[in-house]
1. Taking the Cα-to-Cβ direction at residue 84 and at residue 113 and moving 7 Å from each Cα, how far apart do the two end points lie in nm?
2. Please compute P(r) over all alpha-carbon pairs of region 42-128, binned at 5 Å starting from zero, and give each bin as a whole-number percent.
3. What distance in nm separates the two pseudo spin-label positions at residue 251 and residue 204, each 7 Å out from Cα along the beta-carbon direction?
4. So what's region 142-266 giving for Cα Rg divided by 2.2 N^0.38 Å, two decimals?
5. If you stretched the chain out fully between residue 105 and residue 173, how much longer would it get, using 0.36 nm times the residue separation minus the C-alpha to C-alpha distance?
Amino acid sequence: MTPRRSTAAALALAGAAGLAAPVALAQCDVPDAGDPVDLGALRDSFPADQGFDVPTDSPVRLRFVGRVPAGATLCVELVGMPGCLRGSVTAVRDELIWSGAQPFDPYVSYRVNYTDPLSGAVSLRFRAGRGPSAGPPPFEGIRGASARPVSSDPCDPGAFDITVRFNRVIFDAALGTPWPESDVEYVIYSTRGPGVSGPRERDRARLQSSGSTTDAVAQRTFRLSAREASGPVCFSMQALDPLGRVVTNSAEECVNPAEGNFFQGCAASPRSPGPGPGGLSLAALALVVARRRQRALVSAAASTVGSAPS
């Protein structure tokens with residue numbers, strides 16, 4: 001009997017006996033290690049399907065789950081004019097990247113035709129903007145982070161939801177064609193915390209247009225396990241454009257889920273370590289000297305009062 005069938009049998013027996021506890025435990029079962037994973041399935045694309053005002057120097061990037069599948073084909077053509085445009089196709093890690101021999105024509109619509117044995121035939125469409133891109137995303141970064149306990153997770157009762165607020169990318173159109181917001185990626189990293197030895201990707205998002213020029217702040221919420229939330233945690237962010245240019249938020253935002261949202265420990269610069277043993281010894285010595293001086297002043301005052309004429 002396979003592990004999955006065993007779990008199903010256990011659930012059936014528990015239900016017949018009217019026992020709720022085994023059912024709750026079974027809901028927390030980890031999926032079998034042998035469960036199929038769609039490695040090579042198409043995950044997302046740049047430009048986004050139905051995107052518009054795409055800079056004329058944009059590449060076409062297709063991202064897959066885990067790896068680029070074997071036997072993939074990619075063709076970019078003008079809408080209404082069949083025939084692949086000249087360009088080079090390169091596989092880089094989990095992406096298939098098409099770079100045109102010439103920039104896209106302004107205000108012209110293009111179609112991306114892609115096929116592979118797993119995803120089948122996929123057709124995407126976008127419209128070019130007026131010219132080249134406005135440069136890397138002008139990203140101001142994180143505005144704050146907060147933690148909220150998750151009381152509804154029976155499998156991990158100590159888990160916390162972390163909400164990171166950040167400034168949306170706002171391009172200066174005078175510098176070139178702004179990237180559509182749906183083609184800018186925001187990546188959140190854990191930089192410090194239990195089990196974090198280096199920057200670790202926590203969340204990756206592409207946002208839809210805010211619909212308002214005054215709505216310049218966005219947020220993302222993701223979950224930390226009880227183990228990950230057992231001490232202070234810190235986060236940093238990047239914004240990436242479709243050309244792969246990155247703007248990193250150098251500042252960190254930190255919270256301590258175990259003790260509340262007000263934690264300042266990570267705000268200290270790594271180059272400014274706290275006082276070492278020598279500094280603590282000097283501080284203790286200064287405190288002793290101060291107390292001795294205070295006692296001497298008190299003793300001198302008492303002697304003066306006792307010797308004063310009546």
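Read-outs throughout are calculated quantities, based only on the coordinates presented, and are distinct from any laboratory measurement. No experiment lies behind these values; they were computed from the predicted model shown. Positions of Cβ are generated from backbone atoms using ideal geometry, with glycine treated the same way; all protein chains shown enter the neighbour counts.
1. Spacing of the two 7 Å Cα→Cβ label points: 1.0 nm.
2. Per 5 Å bin, starting at zero, the Cα-Cα P(r) for region 42-128 comes out as 3, 15, 28, 28, 17, 8, 2 percent.
3. For the pair residue 251/residue 204, the computed spacing is 2.6 nm.
4. Details: Rg = 15.8 Å, N = 125, 2.2 N^0.38 = 13.8 Å.
Here the answer is 1.15, to two decimals.
5. Values: separation 68, 0.36 × 68 = 24.48 nm, distance 1.84 nm.
The span from residue 105 to residue 173 would gain 22.6 nm if fully extended.
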